[in-house]
1. Please list, in chain and number order, the residues 5+ apart from A:His61 or on another chain whose amide H is under 5 Å from its amide H, with Hs placed from the backbone.
2. In the structure shown, do any of A:Lys328/A:Lys593; A:Lys83/A:Lys484; A:Lys375/A:Lys422; A:Lys83/A:Lys355; A:Lys240/A:Lys484; A:Lys315/A:Lys342 have a Cα-Cα gap over 27 Å, and if so which?
3. Angle check, please: helix B:103-115 long axis (alpha carbons) against the longest principal axis of chain B (alpha carbons), in degrees 0 to 90, nearest 10.
4. Roughly how tilted is helix A:22-32, in degrees to the nearest 10 and between 0 and 90, from the longest Cα axis of chain A?
5. Quick one: dipole size for the protein assembly as shown, taken about the Cα centre, charges +1 on Lys/Arg Cβ and -1 on Asp/Glu Cβ, in debye to the nearest 20.
6. Check each of the trypsin sites (Lys or Arg not before Pro) in region B:48-157 and keep only those in coil by DSSP with at most 15 other C-beta atoms within 10 angstrom; list them in order.
7. Any chance you could get the radius of gyration and Dmax over the Cα atoms of region A:102-231, in Å?
8. Applying 1/(1 + (r/R0)^6) with R0 = 41 Å to the Cβ-Cβ distance of A:Leu248 and A:Val187, what FRET efficiency is obtained, to the nearest 0.05?
Amino acid sequence: MDKDNTLALAPAATGAPVTLTGAEMVIQALRDQGVTHIFGYPGGAVLPIYDALFKVEGITHVLVRHEQGAVHAAEGYARSTGKPGVVLVTSGPGATNAVTGITDALMDSIPLVVITGQVPSHLIGTDAFQECDTVGITRPCTKNNWLVRDVNELSRTLHEAFQIATTGRPGPVLVDIPKDIQFQKGVYLPPANVQHRSYKPKTDPDPGAIARAVEMMAAAKRPVFYTGGGIINSGPEASKALRELVDLTGFPITSTLMGLGVFPASRPEWLGMLGMHGTWEANHAMHDCDLLICLGARFDDRVTGRVAAFSPNSKRIHLDIDASQINKVVRADLGIVADAGKAIREMVQVWKAKKKQSQPLKDWWAQIETWRGRKSLAFKNSDTLIKPQYAVDRLYELTKDKDVYITTEVGQHQMWAAQRFKFEQPNRWMTSGGLGTMGYGLPAAVGVQLAHPGALVIDIAGEASVQMTMQEMSTAIQYNLPIKIFILNNEYMGMVRQWQELLHGGRYSHSYSEALPDFVKMAEAFGCVGLRATSPAELDGKILEMIAVKRPVLFDCRVDPMENCYPMIPSGAAHNEMILSPDDGGEVSEAGKMLV
Amino acid sequence: MNGEAVERHTITVLVNNEAGVLARVIGLFSGRGYNIESLTVAEVDPAARTSRITIVTSGTPAVIEQIEAQLNRVVPVRRVTNWTAEQAGIEREMALIKVAGTGEKRMEALRMADAFRARAVDTTHTSFVFEITGAPSKIDSFIELMRPLGLVDVSRTGVAAISRGPEAM
Ligand SMILES: Cc1ncc(C[n+]2csc(CCOP(=O)(O)OP(=O)(O)O)c2C)c(N)n1
Ligand SMILES: [Mg+2]
C-alpha cells in the first residue's frame with residue numbers, strides 16, 4: 001500500500017486553530033513538538049493513531065518487540081540526545097508492559113512522553129477487553145499523567161505533557177487517550193507558551209546562595225565535588241561550566257553512576273566513580289573532606305553507605321533542581337534549588353569576579369595520591385581465562401578513538417563498565433541507575449543507535465540480563481541498527497552470586513545461568529552476527545571484528561565465572577570501611593544484611 | 001536525622017481541581033510511608049477550579065519538611081501551607097455523635113453537651129445525635145465523656161484550617 005499523504009495537518013505552529021480528529025491531533029502535536037522518532041507497538045485501542053501515523057511523513061516509528069523495549073529505547077534515545085523520548089502503546093497489556101520502563105525513567109529523571117490508548121469512554125469502568133486503570137497504575141511512576149476526557153482538551157494536554165516531561169527535574173509523563181476521543185473531531189491548538197496553572201519549576205539560583213557557596217569553597221581545605229546525573233540533564237553546557245569550575249578551583253571531583261561523563265576521566269582531578277563499587281580515592285575523599293559540594297546528585301543509598309557514618313566532618317552544599325532532594329537523606333548546610341548548569345555558571349562568574357583563590361590544597365592532594373596509590377581497580381589477570389575487567393579494558397582501548405556510546409544491563413558487568421570505561425563527554429553512558437533494571441541495555445542501545453546512526457553503540461551486557469529483552473535484536477535487524485551486544489558471559493547472575501557469597505554462606509540459590517542459549521547461533525537465528533571469544537589471546541581480534549561489522553552483533557565473551565566486583569562498600573558500612581578484595585574480610589553487620 | 005521528636009502538623013494543599021488529584025496526594029503519603037491522621041477535601045473556588053485539601057499528619061521535623069517538599073513537587077499542587085510551622089491558623093472540626101440510653105445517663109449526656117455547646121440535631125426517647133464543632137482536642141474530650149454514657153457512633157469531618165487576619169493562604 002502506498003502512503004497517502006492526505007492527512008489534513010496544520011503547518012507547524014501557525015497559531016491558527018484547526019479541526020482535526022483526536023488521532024490526527026496526536027501526530028500534529030508530535031510534529032509541532034519537533035518529534036522525529038517514536039517507539040511503539042500497536043493494538044486495538046491505538047489503531048486510529050497508527051492510522052494517522054500511516055498517512056504522514058517525517059515521523060519515524062520504530063516497531064519494538066515488547067513495550068518494555070519501547071520505553072528503554074526511548075530512554076536511550078533521550079539520554080543520548082537530550083531530547084524527550086516518545087512511546088506509543090495500546091491499552092491494558094501494552095500499558096502494563098511499559099510500566100517497568102516508565103519507573104526506570106522516573107528514577108533516573110529521563111524525559112519521556114508515553115501515549116497509551118484506552119478503551120472507549122463509555123466502556124471505562126466495565127472491565128472491558130484490554131481495559132486497565134492506566135493512570136491509576138502509572139500515577140506513582142510518572143511525573144504526571146492524564147486521562148483525556150474531551151477531544152478539545154487533547155492538544156493542550158499533549159503540549160503540557162511535553163513541557164512537564166522536559167522542564168524542571170525531567171521525567172516520564174503519560175497521556176491516556178480513549179479510543180472514541182481518537183475518532184472525534186475537535187479544535188487543535190498549537191503549542192503556545194501558556195503558563196501552567198500550578199507547575200512552575202524554579203531554575204534560577206538565588207544569588208545569595210551562590211555567593212555563600214563560593215565563600216565556602218574558597219575557605220575549604222579538603223574539598224570535593226560530588227556530581228551526578230543532574231548535570232547531564234541540564235545539557236552539555238553544564239558539563240562545560242563544571243570543567244571551568246574545576247579549572248578555577250583545582251578541587252578533586254567524583255561522580256555517581258549516573259554522572260559518568262560530566263567530567264573527563266582523563267583529567268588528573270578525576271577520582272573515578274564513588275559509592276558501593278566506587279574507587280578507594282573517591283570514597284575516602286568523600287569521607288575525609290571538609291567541604292562536600294554536591295552538584296545534581298541525590299545521596300542515594302548506593303552512594304552514601306551507612307548514612308550515620310557518611311562524610312562525618314564535612315560541611316555540605318547541595319545543588320538540585322528538585323527542592324525535595326535537599327535535606328532528604330543528609331542535611332545540607334547550604335541548599336541551592338536551581339538548574340545545575342545555571343548555578344555552576346554563576347559559581348564560575350562569582351569566583352572570577354571576586355578573584356577568589358583556593359586554599360593551598362597540597363596536603364589534600366598528597367593524601368588523595370596516597371589513596372590512589374592503593375590502585376583499587378587493580379585485578380589479577382590470567383593467561384587462560386578472560387577476566388571480565390580485562391575484557392572491559394580491551395573494549396575501551398580498542399574503541400576509545402571512535403564515536404562510541406555505551407549502554408549496560410545490570411549486575412557485575414555494569415559495575416566493571418562503570419569503573420573501567422573512561423568517558424570524556426556527557427551523554428555517552430546509558431545505564432539503569434535508580435531502578436537497576438536488567439534488560440535495559442539492549443533496547444536502550446536500539447534507541448541510541450537510531451539517534452546516532454554513524455556511531456559505535458555497545459551494550460556491555462550480562463548473559464542473564466540480556467535474555468530479558470533479547471527479542472529487540474529483531475528490532476535492530478529491522479531498522480538496520482548495527483548495535484553491538486558485548487556479553488560478559490560468566491554463566492552466573494554474578495552480582496547475585498557475589499552477594500550470596502558475602503551474606504548467605506556461598507549458597508548459590510538459583511543464581512547459576514543454566515540452560516543458556518548458544519548466543520552465536522541465536523545471533524544467526526535473528527539474522528545478525530554472532531562472535532565468541534574464550535581466551536585472552538583471541539579477544540582483541542574478535543573485538544576488532546565486532547567493530548568492523550556494520551551489522552548488529554551478539555558477542556559471547558566467555559569470562560571467568562567466579563570473578564567478583566571490587567572494591568566494595570559492604571552494605572551497612574561506611575566509605576572508609578570499603579574492602580578491596582575478598583581477603584579483606586568485609587563482615588556484614590546484621591543491620592547491613594537487611595539492606596539491598 | 002534520627003532521634004527527633006514526632007510532631008503533629010496541619011498542612012493545607014491548594015490544588016487544581018482535576019481528575020486524580022486527590023489520589024495523587026494521598027498516594028504520595030501511602031507510597032512514602034507518611035501518616036494521615038485526618039483528611040478533608042472540597043472544591044473552594046469553582047471559578048478558579050481549585051480544591052483545598054487539609055491533612056493532619058505527624059512526623060519528625062525532617063519528615064514534615066519532606067512531606068511539604070514532596071507535596072510541592074506534585075504538578076497540580078498550587079500551594080502548600082504548614083500551619084503549625086509557618087503561622088498560627090484556626091483549626092476546626094465538626095463531629096456528629098450518637099449516644100443511646102435512658103434515665104440518669106441520658107440526662108448527664110445532655111448536660112455535658114450543653115457545657116460543650118454541642119447541639120442535639122436528632123432526638124428520640126432513647127437517643128441523641130449531637131453536633132459539635134471545635135478544635136480536634138475538644139471533640140476528643142467530648143467523645144471520651146460520652147463513652148460511659150452510651151456512645152454508639154461517631155462521624156468526624158477531619159480538620160479544616162484557615163489563617164487569622166485579612167490575608168488569604
Ligand atoms: C529485572 C530485574 N530482576 C532482578 C534483578 C536482580 N539482579 C541484579 S543483578 C542480577 C544478576 C545479573 O546477572 P547478569 O546479567 O548475568 O550480570 P552479571 O552480574 O553476571 O554481570 C540480578 C538477578 C534486577 N536487577 N532486575
Ligand atoms: Mg552473568
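Every read-out reported here was derived from the displayed coordinates using simple, explicitly stated rules and does not represent laboratory data. Source: prediction; values computed, not measured. Cβ sites come from the backbone with ideal geometry, for glycine too, and all protein chains shown count toward neighbours.
1. Excluding prolines and chain starts, which carry no amide H, the hits are A:Ile38.
2. A:Lys83/A:Lys355; A:Lys240/A:Lys484
3. It works out to around 40 degrees.
4. Result, in degrees: 50.
5. 1480
6. Passing sites in region B:48-157 are B:Arg49, B:Arg117.
7. 20.2, 67
8. Working: r = 53 Å, r/R0 = 1.29.
So the FRET efficiency works out to roughly 0.20.
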